[in-house]
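Worksheet: the structure to be examined is printed underneath.
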Amino acid sequence: QSVWGYDSDNGPERWHENYPLAKGDKQSPIEINSKDVQHDSSLAPWHASYDPGAAKTILNNGRTCRVVFDDTFDRSVLRGGPLTGTYRLRQLHLHWGSSDDHGSEHVIDGVKYAAELHMVHWNPKHGNFAGALKQPDGVAVVGIFLKVGKTPKPEMKRILEEIDNIKTKGKEAPFQHFDPSILFPKSRDYWTYHGSFTTPPCEECITWILLREPIEVSSDQMAKLRSLSKNGENEPVNPLVDNWRPPQPVKGRVVKASFK
Ligand SMILES: CCN[C@H]1CN(CCOCC)S(=O)(=O)c2sc(S(N)(=O)=O)cc21
Ligand SMILES: [Zn+2]
């Protein structure tokens, strides 16, 4: 049993016992209510320029399915939007539910999506990733909502095809020649606010950029994601589902929108 997780004995309500930052004033995720959002006409568009050759491996770490990228130089970068400078893509991963009616971490006007995909970037002006975690402008995460629908996005197939090779915790497989920007929806509209990792250690170092337009996946694709296991090989099967943290107190923070 790992120190923290999503079960009753090690889940989000108890993370603060080992990770005090979990009770901070700028925690993520949050519930976004359109009536409280402030349109900010000064917000610039964001730009991702990713090198497909930077993709390295896909792994099951018992908590999520993660694709890791080469971030040893400015190879795959995010800039613009609310960001100052260039942020390097380090990894992407997902959070999902045990059924299609929930699973996302951020909740939009009461709507929970089936899953939420996070693309994690860090600011190299802070030397290395560990240094960036300690800075309020150290990390930028682009969040994309996954909605179950009739016209699933074919680009998700590449990730889901690999699931069979990483069924259990600790399994890793090569994952190359992949440009994650194919996952972006058509619209570039986004919300942005300052928050934290949605898992321990819960550092408050993240500029969140949440895309308004969800991408569609099929119910079968969601079932594929839910076929991942938390357990290692030859251990009792423990399905990897409901790896999401519930919304945290907004505590006076203002969510800005790039759109009206
Ligand atoms: C399971 C641990 N998840 C963490 C691990 N990392 C952070 C710190 O690591 C220190 C060794 S991370 O940058 O990979 C990252 S991003 C997110 S999220 N859901 O907020 O996008 C959580 C996490
Ligand atoms: Zn995440």
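The values are calculated or read from the model by the stated rules, or taken from the named source; none is laboratory data. Model, not experiment: these values are computed from the prediction. Positions of Cβ are generated from backbone atoms using ideal geometry, with glycine treated the same way; all protein chains shown enter the neighbour counts. For the accessible areas, the whole protein counts, side chains as well, though only heavy atoms, and no ligand, DNA or RNA atoms are used. Shrake-Rupley method; radii C 1.70, N 1.55, O 1.52, S 1.80 Å.
Can you list residues whose amide H is under 5 Å from Thr57's amide H, if they're 5+ apart or on another chain and H is modeled 1.01 Å from N?
Amide H neighbours of Thr57: Val68, Phe175.
Quick one: what do you get for the range 196-251 if you divide its Cα Rg by 2.2 N^0.38 Å?
Working: Rg = 15.5 Å, N = 56, 2.2 N^0.38 = 10.2 Å.
The range 196-251 yields a ratio of 1.52.
Which ³J(HN,Hα) values, rounded to whole Hz and listed in residue order, are derived for the range 60-70 from phi using the Karplus coefficients 6.51, -1.76 and 1.60 in 6.51 cos²θ - 1.76 cosθ + 1.60 with θ = phi - 60°, glycine and proline given as x?
Values per residue, Gly and Pro as x: 9, 9, x, 10, 7, 9, 10, 9, 10, 10, 6 Hz.
With bins 10 Å wide starting at 0, give me the P(r) of the range 129-173 over every alpha carbon pair, in whole percents.
In order of increasing distance, the bins hold 19, 27, 34, 20, 1 percent.
Round to the nearest 10 and report in Å² the accessible area of Thr64, as given by a 1.4 Å probe over the protein chains' heavy atoms.
In the full protein context, Thr64 sits at about 10 Å².
Quick one: pull the percentage of alpha-carbon pairs in the range 100-212 with a separation above 25 Å. Before the final figure, lay out the partial values.
On the way: 2060 of 6328 pairs.
That fraction is 33 percent.
Per residue of the range 112-128, what does 6.51 cos²θ - 1.76 cosθ + 1.60 with θ = phi - 60° give for ³J(HN,Hα)? Whole Hz please, x for Gly and Pro, Karplus curve as stated.
9, 8, 5, 7, 9, 9, 10, 10, 9, 10, 9, 8, x, 5, 9, x, 9
Only sites in a loop by DSSP and with at most 14 other Cβ atoms within 10 Å count here; which trypsin sites (Lys or Arg not before Pro) in the range 59-97 make the cut?
Details: sites: Arg63, Arg66, Arg75, Arg79, Arg88, Arg90; in loops: Arg63, Arg75.
Here no loop site has a sparse enough neighbourhood.
So, for the range 1-97, what is the accessible surface per residue at a probe of 1.4 Å, expressed in square angstrom?
47
Under 5 Å between amide hydrogens, which residues at least 5 positions from Val107 or on another chain qualify, with H placed 1.01 Å from N in the peptide plane?
Ile30, Glu31, Ile32
With just the Cα atoms of the range 42-173, tell me how far they stretch along each of the three principal axes, in Å, largest first.
40, 37, 27
For the chain, what is the relative contact order in percent, using Cα pairs closer than 8 Å and at least 6 residues apart in sequence?
Values: 648 pairs, mean separation 72.5, N = 260.
That works out to 28 percent.
On average, how much accessible surface per residue is there in the range 212-260, in Å², for a 1.4 Å probe, leaving out ligands, DNA and RNA?
Working: 2520 Å² over 49 residues.
Per-residue value: 51 Å².
Taking all protein chains in place and a 1.4 Å probe, what share, in percent, of the accessible surface of the chain do carbon and sulfur account for? Display every interim value, and only then the final one.
Details: 5770 of 11450 Å².
In the chain, the share of accessible area belonging to carbon and sulfur is 50 percent.
Which value, in debye to the nearest 20, describes the size of the charge dipole of the range 9-102 about its Cα centre when Lys and Arg Cβ atoms bear +1, Asp and Glu Cβ atoms bear -1, and nothing else is charged? Present the calculation step by step, with values, prior to reporting the outcome.
Numbers: 11 positive and 13 negative charges, 73 e Å.
That gives a dipole near 360 debye.
What lysines does Lys171 reach when the alpha-carbon gap must be under 25 Å and sequence neighbours fewer than 8 apart in one chain are set aside?
Straight-distance partners of Lys171: Lys56, Lys157, Lys224, Lys230.
Can you list the GluC sites (Glu not before Pro) in the range 3-88 that are in a DSSP coil and have 11 or fewer other beta carbons within 10 angstrom?
Values: sites: Glu13, Glu17, Glu31; in loops: Glu13.
Taking the range 3-88 and a limit of 11 other Cβ atoms within 10 Å, the loop GluC sites (Glu not before Pro) found are Glu13.
Once the dipole of the range 16-78 is set up with Lys and Arg at +1 and Asp and Glu at -1 on Cβ about the Cα centre, which of Val37, Leu78, Ile58 lies farthest towards its positive end?
Farthest towards the positive pole: Ile58.
For the range 131-189, which chymotrypsin sites (Phe, Trp or Tyr not before Pro) pass both filters: DSSP loop (anything but H, G, I, E, B) and at most 15 other C-beta atoms within 10 Å? Please report the intermediate quantities before stating the final value.
On the way: sites: Phe145, Phe175, Phe178; in loops: Phe175, Phe178.
Sparse-neighbourhood loop chymotrypsin sites (Phe, Trp or Tyr not before Pro): none present.
Mind listing the long-range amide H neighbours of Ala115? Cut-off is under 5 Å, sequence gap 5 or more, other chains count too, H placed in the peptide plane at 1.01 Å from N.
For Ala115, whose amide H was placed from the backbone, the distant partners under 5 Å are Ser104, Leu146.
Which of the lysines could a cross-linker span from Lys251 if the Cα-Cα distance has to be under 28 Å and same-chain partners fewer than 8 positions apart are dropped?
Qualifying lysines at Cα under 28 Å: Lys23, Lys26, Lys35, Lys112, Lys134, Lys260.
Would you mind working out the magnitude of the charge dipole of the range 122-227 relative to its Cα centre, with +1 at each Lys and Arg C-beta and -1 at each Asp and Glu C-beta, to the nearest 20 Debye?
Working: 15 positive and 13 negative charges, 43 e Å.
Once rounded to the nearest 20, the dipole reads 200 debye.
Please build a GNM for the chain, connecting alpha carbons under 10 Å apart, and tell me which residue among Gly110, Gly53, Gly232 fluctuates the most.
Gly110
If you split all Cα-Cα distances of the chain into 10 Å bins from zero, what percentages do you get per bin, shortest first?
Percent of Cα pairs in each bin: 7, 31, 40, 20, 2, 0.
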